[in-house]
Amino acid sequence: MSQSKNIQDFEEPEIHSDVDRMRHSCAHIMAHAISRIWPKAQFGIGPTIEHGFYYDISLDEKISPEDLPKIEAEMKKIIKENSPFVRSEHSVSEAIAFFKKANQPFKVEIIENLRDQLGVEKVSSYSEGDFVDLCKGPHVEKSGQIKAFRLTSVAGAYWRGDEKRPQLQRIYGVAFMDAKEMEEHLALLEEAKKRDHRKLGKELDLFSFHPEAPAMPFFHPKGTVIYNRLVEYVRKAYARYGYQEVVTPMIMDLSLWHRSGHWENYRESMYVTEIDERQFGVKPMNCPGHTFIYAAHKRSYRDLPLRIADFGRLHRYERSGVTAGLTRVRSFSQDDAHLFCTHEQIESEIRGVIEMIMEAYKLFQFTDVAIYLSTRPEKRVGSDQVWDNAESALKKTLDGLKLDYTVNKGDGAFYGPKIDFIVKDALKRPWQLGTIQLDFNMPERFDLTYVGADNTLHRPVMVHRAVLGSLERFMGLLIEHTAGAFPFWLSPVQARVIPITENHLEYCRNYADALRAKGYRVELDERNESMGFKTRDAQTAKIPYSLVAGDREIAQSQFSVRKYGEKQSSVLGHAEIEKTFAELNSI
């Protein structure tokens, strides 16, 4: 007899640690508390997540943030009751009958779908007090073992992530092994709210969104300064690392996207239009267009490596439920590049990309960087020998640079292994930024060749790479990492010149003009407001330097200079100010 399959093997993530077991139990207790307060509540899924848990609930009554303390109070009663968690196994038919009787249609659907699709024969449930839930477990032994917890927010979530299915209410919570750790985490959450790039983007007048172009940002003048300075930084790196920039069409015939494989893999994410009775795809990626540039000339091994970079605008359809400010948009640009090289050049090219990536992260003060090497997946193209060589080259390069990394076995792309770079921001939140991917598939699909030293045709390797990734996403990350206080070279306004009275206006205007003539981004505050108001406003706007002048400063050809975030000012002459600015403005 074949071994029976358990439904929760497919529905729930594995729980390995004591804290995750406690968090999983906390989700169960939250559902129990909700069932006591709202007996007609229907439950979806309630998994653990980083730092906590959530549960998806269907209820006619809308649960608001004001209801969370009431749910917490009921949870504390359940914890005080200290009831044991008891595991039971059931046949699929028994479980379906039980949850139908309990009016839990989402649980019934889970069981029926996996029975039909995966041949599940048995399921398990956990009871605690009078509450029973479909669950793989494990849980703590008794409810009284729950430590510190807090319910944090309420959000909407489509059942199964499908916007055509019912919208449920998702309640989030955090849980920790001790109260101090939880309070430290909650403090970070409060800081995260203050740093939210959507909030700061509006306050600092950087960008906006409008329903006429859903999930497509409009960058205001100040935001555009930051955007262009990021591009300028990358372009300077390209000059040093031997890249050539290109411009490729934004829309191309669908035949191209069929040939590249994007249509079969990204069809639902692509925008399509029709011109002259031909269908065209708006490009979601630059790589197919770059193969045309490679193939425009007959290539020799002496021409390689060829490094092509492109800031072309990309469009990908993202469901409205997952778009989020700048970090998940439908229109964006990447610091995207593709390297065409021989197999022998893989290691040196990867080394150059890693150096570029680490150099960038140092500039932006991302000091906590994790590196992951993802190896061959089960479904892949290319021979084992090619994969052996590619993986060996990536590993050898990382080892040669003495970089710590984690191997993600089987997580590579179908066309080749990859290296991903994860940075942590000022609040210790992880963000995936840079990536290096080896591709043997695209050169094959587009019949790319070069003439080798042996005077025969060979297939090049294509390396996909990004340093910052999506500029929109990186800008959102950077706003939160810096709390909107950008470094001088990147700040949309680098200095504000403030006259104490109208009598000092001409002196300040002349110096503001002089600084602008040298290329600095300077504002002159001509408002008829108090000095207290004007200096506070400069701090609120997070402008790196405030230059204040009155009678004393004018007499000495100086300014009282206050740096953002500092309470004390320094009196500096024009030459000293410009020397400081010049040092800070270089990238």
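The values are calculated or read from the model by the stated rules, or taken from the named source; none is laboratory data. What you see is a predicted model; the values in this text were computed from it and never measured. Every residue, glycine among them, receives a Cβ derived from its backbone with ideal geometry; neighbour counts consider all protein chains shown.
Table: residues versus (1) β-branched (Val, Ile, Thr); (2) within 30 Å of residue 431 (Cβ to Cβ); (3) not assigned by TED's automatic domain parsing to the domain that holds residue 152.
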| site | (1), (2), (3) |
| --- | --- |
| 54 | no, yes, no |
| 61 | no, no, no |
| 78 | yes, no, no |
| 123 | yes, no, no |
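So residue 335 ticks every box in (1) acidic (Asp, Glu); (2) within 29 Å of residue 263 (Cβ to Cβ); (3) part of a helix (DSSP H, G or I) but one. Which box is left unticked? Residue 335 satisfies all of (1) acidic (Asp, Glu); (2) within 29 Å of residue 263 (Cβ to Cβ); (3) part of a helix (DSSP H, G or I) except (3). Please verify whether residue 416 is without any contact (Cβ under 8 Å) to a residue 60 or more places away in the chain, of a type in the set (Gly, Ala, Ser), under 28 Å from residue 282 (Cα atoms) and touching a Gly at 6+ places or on another chain (Cβ under 8 Å), treating the condition exactly as stated. So residue 416 passes the test. Taking the conditions (1) of a type in the set (A, V, I, L, M, F, W, C); (2) surrounded by 17 or more Cβ atoms within 10 Å (Cβ to Cβ); (3) in a strand (DSSP E or B) in turn, residue 407 satisfies each one other than (2).
Looking only at residues in region 489-501 that are assigned to a loop (DSSP other than H, G, I, E, B) and either out of contact with any Ser or Thr (no Cβ under 9 Å at 6 or more places or on another chain) or not aromatic (Phe, Trp, Tyr) (or both), the one that is surrounded by the most Cβ atoms within 10 Å (Cβ to Cβ) is 491. Residues in region 103-124 that are aliphatic (A, V, I, L, M) and either crowded, with 16+ Cβ neighbours inside 10 Å or at positive phi (or both): 108, 110, 111, 114, 120, 123. Look at (1) over 24 Å from the mean Cα position of the chain (by Cα); (2) farther than 19 Å from residue 324 by Cβ and you find that residue 186 fails only one, number (1). If residue 306 satisfies every condition in (1) out of contact with any Lys or Arg (no Cβ under 7 Å at 6 or more places or on another chain); (2) surrounded by 14 or more Cβ atoms within 10 Å (Cβ to Cβ); (3) not assigned by TED's automatic domain parsing to the domain that holds residue 459; (4) not polar (S, T, N, Q) but one, which is the exception? Failed condition: (3).
Residues that are part of a loop (DSSP other than H, G, I, E, B) and either of a type outside the set (Val, Ile, Thr) or loosely packed, with under 13 Cβ neighbours inside 10 Å (or both) within region 447-463 comprise 447, 448, 452, 453, 454, 455, 456, 459, 460, listed in sequence order. Checked against the criterion of being of a type in the set (Lys, Arg), surrounded by fewer than 19 Cβ atoms within 10 Å (Cβ to Cβ), touching a residue at least 40 places away in the same chain (Cβ under 8 Å) and in the same structural domain as residue 337 (by TED's automatic domain parsing), the candidates 402, 396 yield just one match: 396.
If the requirement is being surrounded by fewer than 21 Cβ atoms within 10 Å (Cβ to Cβ), without any contact (Cβ under 8 Å) to a residue 60 or more places away in the chain, among the hydroxyl-bearing types (Ser, Thr, Tyr) and not assigned by TED's automatic domain parsing to the domain that holds residue 158, which of these qualifies: 348, 333? Before you say what the answer is, go through the steps one by one.
On the way: 333 fails: without any contact (Cβ under 8 Å) to a residue 60 or more places away in the chain.
One residue alone meets the criteria, 348.
Looking at region 182-276, the helices (runs of 4 or more DSSP H) lying wholly inside it that each contain 2 or more residues that are outside the structural domain of residue 321 (by TED's automatic domain parsing), free of Cβ contacts under 8 Å to residues at least 40 places away in the same chain and surrounded by 15 or more Cβ atoms within 10 Å (Cβ to Cβ) sit at 254-260, 262-266. Condition test on residue 112, is it more than 30 Å from residue 64 (Cα to Cα), in a helix (DSSP H, G or I) and either assigned by TED's automatic domain parsing to the domain that holds residue 38 or modelled with pLDDT of 95 or more (or both)? The answer is yes for residue 112. Residue check: residue 474 meets all listed conditions (1) surrounded by fewer than 19 Cβ atoms within 10 Å (Cβ to Cβ); (2) in the same structural domain as residue 420 (by TED's automatic domain parsing) but one, namely (1).
Which one of these is among the acidic types (Asp, Glu) and without any contact (Cβ under 8 Å) to a residue 60 or more places away in the chain: 578, 583?
The conditions single out 583.
Those residues that are assigned to a helix (DSSP H, G or I), over 21 Å from the mean Cα position of the chain (by Cα) and at pLDDT below 90, I need them from region 152-181; list them, please. Scanning region 152-181 gives a single hit, 160.
Is it the case that residue 173 is in contact (Cβ under 8 Å) with a residue 12 or more places away in the chain, of a type in the set (Gly, Ala, Ser) and over 14 Å from residue 30 (Cβ atoms)?
Details: in contact (Cβ under 8 Å) with a residue 12 or more places away in the chain: yes; of a type in the set (Gly, Ala, Ser): yes; over 14 Å from residue 30 (Cβ atoms): no.
It is false that residue 173 is in contact (Cβ under 8 Å) with a residue 12 or more places away in the chain, of a type in the set (Gly, Ala, Ser) and over 14 Å from residue 30 (Cβ atoms).
Selection within region 414-431: residues that are under 23 Å from residue 261 (Cα atoms) and out of contact with any Ser or Thr (no Cβ under 9 Å at 6 or more places or on another chain). The member of this set that is surrounded by the fewest Cβ atoms within 10 Å (Cβ to Cβ) is 414. Residue 444: in a helix (DSSP H, G or I), among the charged types (D, E, K, R) and either touching a Leu at 6+ places or on another chain (Cβ under 7 Å) or not assigned by TED's automatic domain parsing to the domain that holds residue 558 (or both), yes or no? So residue 444 passes the test. Is it true that residue 168 is within 30 Å of residue 186 (Cα to Cα) and buried (at least 18 other Cβ atoms within 10 Å of the Cβ)? Yes; evaluated as a whole, the condition is true for this residue.
Within region 362-385, being closer than 14 Å to residue 434 by Cα and either over 19 Å from the mean Cα position of the chain (by Cα) or of a type outside the set (S, T, N, Q) (or both) holds for 362, 364, 366, 368, 369, 370, 371, 372, 373. With respect to residue 89, is the statement that it is touching a Ser or Thr at 6+ places or on another chain (Cβ under 9 Å) and acidic (Asp, Glu) true? Yes: the conditions hold for residue 89. Do the conditions hold for residue 434, that is, is it in a strand (DSSP E or B), of a type outside the set (A, V, I, L, M) and crowded, with 23+ Cβ neighbours inside 10 Å? Yes: the conditions hold for residue 434.
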